[in-house]
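Trainee: Take this structure, written in structure tokens, and hold onto it; I'll ask about it next.
The values are calculated or read from the model by the stated rules, or taken from the named source; none is laboratory data. Because the structure is a prediction, the values reported are computed rather than measured. Note: ideal-geometry Cβ built from the backbone for every residue, glycine included; neighbour counts use all protein chains shown. What goes into the accessible areas is simple: the full protein's heavy atoms, side chains included, and nothing from ligands, DNA or RNA. Shrake-Rupley method; radii C 1.70, N 1.55, O 1.52, S 1.80 Å.
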Amino acid sequence: MYECKSQTFNYRKLPTTSVIIAFYNEAMSTLLRTIHSVLEMSPSVLLKEIILVDDFSDKVYLKTQLETYISSLERVRLIRTNKREGLVRARLIGATYAIGDVLTFLDCHCECVTGWLEPLLERIAENETAIVCPVIDTIDWNTFEFYMQTGEPMIGGFDWRLTFQWHAVPEQERQRRKSRIDPIRSPTMAGGLFAVSKKYFEYLGTYDTGMEVWGGENLELSFRVWQCGGSLEIHPCSHVGHVFPKKAPYARPNFLQNTARAAEVWMDSYKEHFYNRNPPARKEKYGDISERIILRDRLHCKSFDWYLKNVFPDLHVPEDRPGWHGAIRSEGISSECLDYNAPDHNPTGAHLSLFGCHGQGGNQFFEYTENKEIRFNSVTELCAEVPERQTYIGMKHCPKDGTIIATNLVWEFRQDGTIFHPHSGFCVTSYRTPEGRGDVHMAPCQPSDKNQFWKFER
Ligand code: LR7
Ligand code: MN
């Protein structure tokens with residue numbers, strides 16, 4: 001944005017920073033690209049040091065070869081953990097060595113763009129309780145080309161499985177900001193790239209050190225900073241590219257466990273929506289959270305209800321009425337449940353099909369609302385419909401909360417077990433394809449046809 005280019009900074013008034021980069025088995029090329037871009041794109045008066053934290057990698061080139069390489073670089077330190085710590089504790093180990101006023105965390109496969117650092121530091125100088133993220137640009141996994149995002153940045157949210165999601169800046173936030181280069185408030189952060197005052201980060205309780213390997217810590221910190229009186233922002237003038245790999249160089253089995261910790265500590269009774277959509281999470285042994293609960297009390301943090309109403313009012317909150325959510329099992333093909341595969345997995349477009357009931361929530365979690373919609377709320381809120389003159393069940397974006405619902409989105413779960421669609425006059429019906437696969441379509445309602453009987457189950 002051209003307004004960003006005309007900004008000037010008085011370096012003497014800005015805090016200094018330590019850049020902390022934890023890595024596990026990263027490729028040499030992407031790791032060095034990150035380090036060099038930080039060194040080249042950061043004013044040297046502001047950059048105290050780069051702290052690399054090797055989280056017990058086993059790649060040979062990350063031993064002496066890496067050490068030799070960085071020994072010729074000024075202000076780059078390498079710390080190695082004694083065991084695999086996971087990204088949370090690896091970052092915190094790095095932070096204990098930091099001498100800068102601000103901690104700037106980066107993933108190990110990034111490229112910082114000219115002028116990336118100043119806006120982050122300036123914002124923290126102005127408001128010490130702000131955690132500030134850059135705009136995250138994409139570095140192509142195949143070509144390693146840098147794709148700079150233009151236009152209005154996206155901000156962070158989540159769905160009720162507690163997976164991170166991007167979405168557009170809401171109207172209310174657009175109105176609040178005075179100029180295109182004001183920081184944008186964001187309900188959540190992606191997790192890898194942000195700057196925070198070292199003092200404030202410590203006051204806030206750094207990270208939950210009970211979290212292992214990967215996942216969950218980004219939402220935990222997001223909820224915490226908002227609920228405990230700070231803010232989370234994206235600065236439109238700060239850009240950093242990030243490689244989104246096809247496949248991570250390590251397994252990630254801890255997402256549910258870490259996320260359960262975040263939900264237990266911060267979400268109050270709203271955590272049930274998460275568990276409903278992730279039945280296996282109820283069985284996760286998430287460990288001792290007593291210290292985090294003490295922290296929440298000590299900092300007099302606000303409720304999750306407050307967070308939803310004030311920070312993320314656009315998020316649709318599920319009703320999850322007892323008996324009206326979960327998997328929808330067919331009586332006709334009793335091993336199978338309604339299943340929604342996102343369009344890119346489904347050559348015939350976004351629609352409902354049948355699939356073996358797996359009890360894991362995911363693509364088989366539906367919610368029947370008081371407004372009589374059948375909602376699928378992973379990623380975004382989708383509502384079941386029957387497109388005109390079609391017999392398949394499509395999924396389309398639900399109307400905004402509080403607006404009128406088209407009759408096409410209305411369904412009736414009738415006493416006899418049928419799911420009736422008044423607009424088309426048809427019933428949801430299971431059948432077998434010529435290949436013998438179970439599928440579902442809309443068909444005239446027949447008395448006592450098992451293929452038209454359905455049951456919600458948890
Ligand atoms: O055990 C580990 N030890 C580590 O040191 C596992 C990982 N790591 C390092 C890893 O080498 C990397 O530098 O931690 C960093 C993050 O791991 P990635 O790059 O594999 O994670 P990601 O980019 O796929 O995932 C995003 O969500 C994570 C949730 O735990 C972290 O918050 C990541 O930092 C975060 N990345 C971003 O926010 C970049 C933008 C992605 C988006 C959207
Ligand atoms: Mn990453």
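Trainee: Can you tell me which residues in the stretch 232-266 are within 14 Å of residue 213 (Cβ to Cβ) and out of contact with any helix residue (DSSP H, G or I) (no Cβ under 6 Å at 6 or more places or on another chain)?
Mentor: Residues of the stretch 232-266 that are within 14 Å of residue 213 (Cβ to Cβ), as a first pass: 248-259, 261.
Selection gives 248, 249, 250, 251, 252, 253, 254, 255, 257, 258, 259, 261.
Trainee: Which is of a type in the set (Ser, Thr, Tyr) and crowded, with 21+ Cβ neighbours inside 10 Å, of 392, 340? If you could, list the steps in order and put the result at the bottom.
Mentor: Numbers: 392 fails: crowded, with 21+ Cβ neighbours inside 10 Å.
So the residue among 392, 340 that is of a type in the set (Ser, Thr, Tyr) and crowded, with 21+ Cβ neighbours inside 10 Å is 340.
Trainee: Next question, about the same structure. Check off (1) near ligand 1 (Cβ under 10 Å from one of its atoms); (2) open to solvent by less than 10 Å² (accessible area, probe 1.4 Å) for residue 22 and give me the number that stays unchecked.
Mentor: (2)
So that you can scan it fast, the table gives a plain yes or no per residue for (1) modelled with pLDDT of 95 or more; (2) within 23 Å of the chain's Cα centre (by Cα); (3) outside any strand (DSSP E or B):
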position: 348; (1), (2), (3): no, no, yes
position: 360; (1), (2), (3): no, yes, yes
position: 372; (1), (2), (3): yes, no, yes
position: 378; (1), (2), (3): no, yes, yes
position: 384; (1), (2), (3): yes, no, no
position: 389; (1), (2), (3): no, no, yes
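Trainee: Then there's this: Output the number of residues of the stretch 95-109 satisfying the condition of being crowded, with 19+ Cβ neighbours inside 10 Å, more than 21 Å from residue 28 (Cα to Cα) and of a type in the set (A, V, I, L, M).
Mentor: 4
Trainee: Exactly one condition in (1) open to solvent by less than 20 Å² (accessible area, probe 1.4 Å); (2) farther than 30 Å from residue 457 by Cα; (3) under 16 Å from the mean Cα position of the chain (by Cα); (4) more than 16 Å from ligand 2 (Cβ to nearest atom) is false for residue 217; which is it?
Mentor: It is condition (4) that residue 217 fails.
Trainee: Then there's this: So which pairs qualify, if the first residue must be in the stretch 241-260 and outside any loop (DSSP other than H, G, I, E, B), the second must be within 10 Å of ligand 1 (Cβ to nearest atom) and among the aromatic types (Phe, Trp, Tyr), the Cβ gap must be under 9 Å, and the two must be at least 6 apart or on different chains?
Mentor: Short answer, once both residue conditions are applied: 255/214; 258/214.
Trainee: Identify all residues within the stretch 375-407 that are without any contact (Cβ under 8 Å) to a residue 40 or more places away in the chain and among the β-branched types (Val, Ile, Thr); write none if there are none.
Mentor: The answer is 403, 404, 405, 407.
Trainee: Restricting to the stretch 80-94, and then to whatever is away from ligand 2 (no atom under 15 Å from the Cβ) and crowded, with 20+ Cβ neighbours inside 10 Å, can you tell me which residue is farthest from residue 134 (Cα to Cα)?
Mentor: Residues of the stretch 80-94 away from ligand 2 (no atom under 15 Å from the Cβ): 80-85, 89, 92-94.
Narrowing the set further to residues that are crowded, with 20+ Cβ neighbours inside 10 Å leaves 85, 89, 94.
Values: 85: 26, 89: 22, 94: 21 Å.
Filtering first and then ranking leaves 85.
Trainee: Let me ask you something else. Do you know which of the residues in the stretch 97-119 that are within 16 Å of residue 131 (Cβ to Cβ) and of a type in the set (Val, Ile, Thr) is nearest to ligand 2 (Cβ to nearest atom)?
Mentor: The residue in question is 104.
Trainee: Now for a different question. Search the stretch 203-214 for residues being open to solvent by 10 Å² or more (accessible area, probe 1.4 Å) and assigned to a loop (DSSP other than H, G, I, E, B), and hand back the single one that is nearest to ligand 2 (Cβ to nearest atom).
Mentor: Looking only at the stretch 203-214, we keep the residues that are open to solvent by 10 Å² or more (accessible area, probe 1.4 Å), and these are 203, 205-206, 209-210, 212-214.
The next check asks that each one be assigned to a loop (DSSP other than H, G, I, E, B); those that pass are 205-206, 209-210, 212-214.
Numbers: 205: 24, 206: 20, 209: 20, 210: 22, 212: 17, 213: 13, 214: 9 Å.
In this case the residue turns out to be 214.
Listed here are the residues, each with its yes/no results for (1) away from ligand 2 (no atom under 15 Å from the Cβ); (2) open to solvent by 10 Å² or more (accessible area, probe 1.4 Å); (3) among the aliphatic types (A, V, I, L, M); (4) over 15 Å from residue 191 (Cβ atoms).
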position	(1), (2), (3), (4)
225	yes, no, yes, no
228	yes, yes, no, yes
238	yes, no, no, yes
253	yes, yes, no, yes
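Trainee: Hey, among 165, 172, which residue is more than 16 Å from ligand 2 (Cβ to nearest atom) and part of a helix (DSSP H, G or I)? Give the steps one after another, and end with the answer.
Mentor: Working: 165 fails: part of a helix (DSSP H, G or I).
Just one listed residue meets the conditions, 172.
Trainee: From the set of residues in the stretch 433-445 that are over 37 Å from the mean Cα position of the chain (by Cα) and touching a residue at least 12 places away in the same chain (Cβ under 8 Å), which is surrounded by the most Cβ atoms within 10 Å (Cβ to Cβ)?
Mentor: 445
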